[in-house]
Amino acid sequence: MNPRSLRALVLSPLLALALACSSAPVRPTDSEAAGAGEYTLAKDITVRRIAPGVWMHTTLSDEDFGLVPANGLIVEDGDGSLLVDTGWNQRQAEQLADWAANTLGKPVRAAVATHFHDDRTAGIPVLTARGIPVHGLEDTVRLAKERGKPVPTRSFTEVATLGPLELFFPGAGHAPDNIVVVHRDSQVMFGGCFVKDAAAKDLGNLGDAVVSAWPASLERVQTRYPDTRIIIPGHGAPGGAELLGHTRALLR
């Protein structure tokens, strides 16, 4: 990400919510009591219900340009849950897993890393120490090893099913290995860093991007999931299908 992208994120409503949160023990907020479904786990971790059985977690990292929020998911799956992306560090991953087990009452039984960058993989050691398998694209496993990042313990090639989730590699974009994760029952898609939020003014961090392939990869997502209702980007506020169009416009 460049400074302009980070400034936009710092001003996002999700970040404002997170900064207002205290580090008190996990408990429902006033909005949770009212049914909105928001929890504060720590000053840098919030969890918010997006759809029945689907929760978005937002974690903060104190980068050179200020606090940077990153999104992920916790998805209920029977008596357990699935974690999509781990947060920026091992402590955040640990607190997310603890919340799922102790507050949601659905321990994490498996996790997914949507590409090899730190905001997706940094908490993998905590999960593997708990015996939780972490799924990633074959290229994510390879790139994580090459770059000295935590490595997913299970791999797939293009499409995989994990409980109520479909994992799909549409082609390169933000990174050579970015995937999207779709909860078909609720038509919620986690686009990760492959999809930009509506406030984004540029494409952010292009250090590992394959910009030439990105537009065709977006088309594959739109063709495969035409009924998507909610799209959650890797950073910033959720939106609808317009986020795919916004990302395409930024590429132009």
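The values are calculated or read from the model by the stated rules, or taken from the named source; none is laboratory data. Note that the structure is a prediction, hence the values are computed from the model and not measured. What goes into the accessible areas is simple: the full protein's heavy atoms, side chains included, and nothing from ligands, DNA or RNA. Shrake-Rupley method; radii C 1.70, N 1.55, O 1.52, S 1.80 Å.
Summary table
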read-out: 25 °C / 0.890 mPa s Stokes-Einstein diffusion coefficient of segment 154-252, Kirkwood radius on C-alpha pairs, µm²/s; value: 184 µm²/s
read-out: Whole-Å distance, taken between Cα centres, linking segment 215-235 and segment 166-204; value: 7 Å
read-out: In sequence order, calculated HN-Hα J values of segment 197-202 (Karplus, 6.51, -1.76, 1.60; Hz; x Gly/Pro); value: 6, 5, 7, 5, 9, 8
read-out: Residues of segment 78-221: accessible area per residue with a 1.4 Å probe, Å²; value: 36 Å²
read-out: Within the accessible area of segment 117-171 (1.4 Å probe), percent carbon and sulfur; value: 46 percent
